[in-house]
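Reading through the C-alpha coordinates given below for one structure.
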Amino acid sequence: MSDKNKNLTVNIYGQDYVLKSTADQDYINKIAEHVNSRMKEVESTGLDASSQQLKIAVLSAMNIADELFQSLNKNDKIISTIETKGSSFIEYIDDRIKEIESQVKD
(Lines give C-alpha, C1' and ligand atoms only; values in the text may rest on other atoms or scores of the structure.)
Protein backbone atom coordinates (compact mmCIF):
# COMPACT_ATOMS: atom_id res chain seq x y z
CA MET A 1 0.00 0.00 0.00
CA SER A 2 1.16 3.49 -0.80
CA ASP A 3 0.98 6.41 1.65
CA LYS A 4 -0.50 8.76 -0.95
CA ASN A 5 -4.29 9.11 -1.37
CA LYS A 6 -5.56 8.49 -4.86
CA ASN A 7 -9.00 8.43 -6.42
CA LEU A 8 -10.23 4.93 -7.19
CA THR A 9 -13.48 4.00 -8.89
CA VAL A 10 -15.53 0.91 -8.09
CA ASN A 11 -18.93 -0.30 -9.19
CA ILE A 12 -21.17 -1.72 -6.50
CA TYR A 13 -24.68 -2.86 -7.28
CA GLY A 14 -24.77 -0.90 -10.54
CA GLN A 15 -23.52 2.36 -9.03
CA ASP A 16 -20.07 3.87 -9.58
CA TYR A 17 -18.29 5.20 -6.52
CA VAL A 18 -15.12 7.28 -6.50
CA LEU A 19 -13.12 6.58 -3.36
CA LYS A 20 -10.10 8.39 -1.99
CA SER A 21 -7.73 5.77 -0.60
CA THR A 22 -4.11 4.83 -0.06
CA ALA A 23 -4.96 1.20 -0.93
CA ASP A 24 -4.28 -0.22 -4.36
CA GLN A 25 -7.02 -0.75 -6.93
CA ASP A 26 -6.96 -4.55 -6.64
CA TYR A 27 -7.60 -4.42 -2.89
CA ILE A 28 -10.46 -1.92 -3.29
CA ASN A 29 -11.93 -4.05 -6.10
CA LYS A 30 -11.83 -7.10 -3.84
CA ILE A 31 -13.76 -5.23 -1.14
CA ALA A 32 -16.26 -3.89 -3.67
CA GLU A 33 -16.78 -7.40 -5.07
CA HIS A 34 -17.50 -8.69 -1.57
CA VAL A 35 -20.02 -5.92 -0.88
CA ASN A 36 -21.64 -6.44 -4.29
CA SER A 37 -21.83 -10.19 -3.67
CA ARG A 38 -23.47 -9.70 -0.29
CA MET A 39 -26.00 -7.29 -1.80
CA LYS A 40 -26.87 -9.79 -4.56
CA GLU A 41 -27.25 -12.46 -1.90
CA VAL A 42 -29.72 -10.30 0.07
CA GLU A 43 -31.57 -9.45 -3.14
CA SER A 44 -31.93 -13.16 -3.88
CA THR A 45 -34.12 -13.54 -0.77
CA GLY A 46 -36.91 -11.90 -2.75
CA LEU A 47 -36.39 -8.19 -2.23
CA ASP A 48 -37.05 -6.00 -5.26
CA ALA A 49 -33.78 -4.43 -6.40
CA SER A 50 -35.46 -1.43 -8.02
CA SER A 51 -37.59 -0.33 -5.06
CA GLN A 52 -35.74 -1.68 -2.03
CA GLN A 53 -32.12 -0.74 -2.65
CA LEU A 54 -31.71 0.94 0.73
CA LYS A 55 -33.10 -2.11 2.54
CA ILE A 56 -30.77 -4.37 0.54
CA ALA A 57 -27.80 -2.13 1.39
CA VAL A 58 -28.65 -2.01 5.12
CA LEU A 59 -29.22 -5.77 5.37
CA SER A 60 -25.97 -6.37 3.49
CA ALA A 61 -24.15 -4.06 5.90
CA MET A 62 -25.63 -6.01 8.80
CA ASN A 63 -24.43 -9.29 7.27
CA ILE A 64 -20.94 -7.91 6.72
CA ALA A 65 -20.83 -6.51 10.26
CA ASP A 66 -21.90 -9.94 11.54
CA GLU A 67 -19.00 -11.53 9.61
CA LEU A 68 -16.63 -9.01 11.17
CA PHE A 69 -17.85 -9.57 14.73
CA GLN A 70 -17.73 -13.35 14.35
CA SER A 71 -14.18 -13.09 13.03
CA LEU A 72 -13.13 -10.78 15.88
CA ASN A 73 -14.70 -13.13 18.42
CA LYS A 74 -12.86 -16.09 16.90
CA ASN A 75 -9.59 -14.15 16.98
CA ASP A 76 -10.17 -13.20 20.64
CA LYS A 77 -10.71 -16.87 21.51
CA ILE A 78 -7.53 -17.88 19.67
CA ILE A 79 -5.51 -15.16 21.42
CA SER A 80 -6.93 -16.21 24.80
CA THR A 81 -6.00 -19.84 24.14
CA ILE A 82 -2.47 -18.86 23.11
CA GLU A 83 -2.08 -16.68 26.20
CA THR A 84 -3.32 -19.45 28.50
CA LYS A 85 -1.11 -22.10 26.92
CA GLY A 86 1.84 -19.70 26.89
CA SER A 87 1.40 -18.97 30.60
CA SER A 88 1.14 -22.68 31.37
CA PHE A 89 4.28 -23.36 29.35
CA ILE A 90 6.21 -20.61 31.15
CA GLU A 91 5.02 -21.92 34.52
CA TYR A 92 6.14 -25.45 33.53
CA ILE A 93 9.59 -24.19 32.51
CA ASP A 94 9.94 -22.17 35.72
CA ASP A 95 9.04 -25.26 37.77
CA ARG A 96 11.58 -27.38 35.90
CA ILE A 97 14.29 -24.74 36.40
CA LYS A 98 13.57 -24.62 40.13
CA GLU A 99 13.65 -28.42 40.22
CA ILE A 100 17.03 -28.54 38.45
CA GLU A 101 18.44 -25.77 40.65
CA SER A 102 17.40 -27.62 43.80
CA GLN A 103 19.02 -30.85 42.48
CA VAL A 104 22.23 -28.99 41.66
CA LYS A 105 22.37 -27.54 45.21
CA ASP A 106 22.00 -30.98 46.76
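The values are calculated or read from the model by the stated rules, or taken from the named source; none is laboratory data. Here the structure is a predicted model, which is why all the values come from computation and not from measurement. The accessibility values were calculated without ligands, DNA or RNA, using every heavy atom of the protein model including side chains. Shrake-Rupley method; radii C 1.70, N 1.55, O 1.52, S 1.80 Å.
Assorted remarks:
- Global form of the chain, assessed from the alpha-carbon gyration tensor, a/c cut-off 1.5: oblate
- Proximal lysines to residue 77, defined as alpha-carbon separation beneath 19 angstrom and excluding residues fewer than eight positions away on the same chain: 85
- Candidate lysines - alpha carbon under 23 Å from residue 6, same-chain residues fewer than 8 apart omitted: 20, 30
- Solvent-accessible area assigned to carbon and sulfur over the chain amounts to 54 percent, based on a 1.4 Å probe.
- Straight-line reach from residue 98: taking Cα to Cα under 13 Å and skipping same-chain neighbours fewer than 8 places apart, the aspartates and glutamates in range are 106.
- Degrees, to the nearest 10: 53-105 long Cα axis against longest axis of the chain: 10 degrees
- Gain upon complete extension [residue 70, residue 53; 0.36 nm per residue less C-alpha separation]: 3.6 nm
- Computed with a 1.4 Å probe over protein heavy atoms only, the accessible area of residue 27 comes to about 110 Å².
- Residue-averaged [θ]222 nm for the chain, counting only DSSP H segments that reach four residues, each worth -39500 (n - 2.57): -25000 deg cm²/dmol
- For the chain, the longest principal axis of the C-alpha atoms and the axis of helix 25-43 are separated by about 70°.
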